[in-house]
1. Could you please find all residues in the stretch 47-66 being within 15 Å of the ligand (Cβ to nearest atom) and either without any contact (Cβ under 8 Å) to a residue 24 or more places away in the chain or among the acidic types (Asp, Glu) (or both)?
2. Go through (1) closer than 13 Å to residue 284 by Cα; (2) crowded, with 18+ Cβ neighbours inside 10 Å; (3) touching a residue at least 12 places away in the same chain (Cβ under 8 Å) for residue 38 and report which single condition fails.
3. For the structure I just gave you, tell me whether residue 120 is touching an Asp or Glu at 6+ places or on another chain (Cβ under 8 Å), open to solvent by less than 10 Å² (accessible area, probe 1.4 Å) and on the phi > 0 side of the Ramachandran plot.
4. Name the single residue, out of those in the stretch 20-46 being more than 16 Å from the ligand (Cβ to nearest atom) and not in a helix (DSSP H, G or I), that is nearest to residue 71 (Cα to Cα).
5. Condition first: closer than 13 Å to residue 81 by Cα and near the ligand (Cβ under 10 Å from one of its atoms). Now tell me which residues in the stretch 91-106 satisfy that.
6. Looking only at the stretch 67-90, how many residues end up being within 21 Å of residue 137 (Cα to Cα) and either within 13 Å of the ligand (Cβ to nearest atom) or touching a Pro at 6+ places or on another chain (Cβ under 7 Å) (or both)?
7. Under 9 Å between Cβ atoms, which residue pairs at least 6 apart in sequence (or on different chains) link something in the stretch 87-105 that is crowded, with 21+ Cβ neighbours inside 10 Å with a partner that is at pLDDT below 95 and among the basic types (Lys, Arg)?
8. Would you be able to tell me the number of residues in the stretch 126-141 that are open to solvent by less than 20 Å² (accessible area, probe 1.4 Å), within 12 Å of the ligand (Cβ to nearest atom) and assigned to a helix (DSSP H, G or I)?
Amino acid sequence: MQLLDGKHTAEEIRKELAEAVQERKKNGKKIPHLAAILVGNDGGSLTYVGAKVKACDQIGFESTLIRYDDSVPEEILLAKVRALNEDKSIDGFIVQLPLPAHIDEMKITQAIDPKKDVDGFHPVNLGNMVLNLPGFLPATPAGIVELLKRNKIETEGKNCVIIGRSNIVGTPLSIMLGRNANPGNCTVTLAHSRTKNLNEICRTADILIAAIGQPGFVTTDMVKEGAVIIDVGTTRVDDSSRARGWRLKGDVDFDSVAPKCSFITPVPGGVGPMTIASLMINTLKAMELKGK
Ligand code: GUN
C-alpha cells in the first residue's frame, strides 16, 4: 500500500503558483486577489477558510476574509456578493458552504459572477464543465483528478465507483472521470443512499471514491484487493487523547482498509490540501482570463 500524499502534491502546486506570482511581479502585472465569505462559526468551515487564506499567503496572492454572524439576512449576503462582482480589485471569490438554513445557497451561488466563481459552483461553470468547455472546475473534483494525474495513477478503462452524488463532489467528479481524457475514460458508477447492493458494487471498483460525510463508512468487505481509494470525508470526531478533543476522520475505515489497497489518501493530508490547491489554480486563472 502506498499513501497518495495530497499534502506533498499540493505543496508542489503551491510552489509552481508562487513562481508564477514572482514572474507576474517581475513583469509589473497584478497579483491575484481571492476573497472568501464565511458565515457563522462552524468549526470545519473556519478551518477550511483559514487554510485557504494561509495558502494565499504562502503563494503570494492577496486575500480578503469577510465574516458575518449566523443571523445575517440573505439580502445582506446577496448585496455583498453583488459588490464583490463589481469590485475590480477582487479576481475571484467564494462563499463557504454550508450556509445557515434561512439562506438559499442556490440563490447565493447563482448571484456570483461566473467569471469570478473560482469554486466552479455556478450553473454556467458546471454546464461548461459537463460540455468540456473553458470555465472553472469545482475544486474538490479537480483536486482529485490532479492528484491521480501527478501520481501517475492509471484511470483508462478502470471501474470507478463514487459513493455520494453531491453537486460539489460526486456528480461533477462522475463526469470528469468518465470523459474521454487522461485522467478519465473510467467506467463510472455513481452510488448513493438508494443504491442496492452497495457493498457488491464497491467491490467491483478499481478506483473507489467515498464522498458521503459518514466517518468510517467504507470497510474492508467493500474493497477489492489492490484498489485505489480516495477518501473525501473530513468529519470531526471526538478524541479525548488530543488536547483539542477532536480529530478529523474520513469516510474510509483507514486502518482496516489500507493494507488491502494499492493507493489510499490519508485524512487529513489527502484530498483536503488538493481542494485548496485547485482553488488557488482557479484564482490565478480568473485573473489571467481578465487579460491582466
Ligand atoms: N464546503 C465544502 N467544500 C467547499 C468548497 O470547496 N467550497 C466552498 N465554498 N464551500 C465548501
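1. 47, 50, 53
2. Every listed condition holds for residue 38 apart from (1).
3. It is false that residue 120 is touching an Asp or Glu at 6+ places or on another chain (Cβ under 8 Å), open to solvent by less than 10 Å² (accessible area, probe 1.4 Å) and on the phi > 0 side of the Ramachandran plot.
4. Of everything passing the filter in the stretch 20-46, 33 is nearest to residue 71 (Cα to Cα).
5. 93, 94, 95, 96, 105, listed by residue number.
6. 1
7. Once the first residue is crowded, with 21+ Cβ neighbours inside 10 Å and sits in the stretch 87-105, its partners that are at pLDDT below 95 and among the basic types (Lys, Arg) give 91/30; 91/290; 91/292.
8. Qualifying residue count, the stretch 126-141: 2.
The values are calculated or read from the model by the stated rules, or taken from the named source; none is laboratory data. Only a predicted model underlies this, so the values are computations on that prediction, with no experimental measurement involved. We place every Cβ from the backbone using ideal geometry, glycine too, and count neighbours over all the protein chains shown. Only protein heavy atoms, including side chains, enter the accessible area calculation; ligands, DNA and RNA are left aside. Shrake-Rupley method; radii C 1.70, N 1.55, O 1.52, S 1.80 Å.
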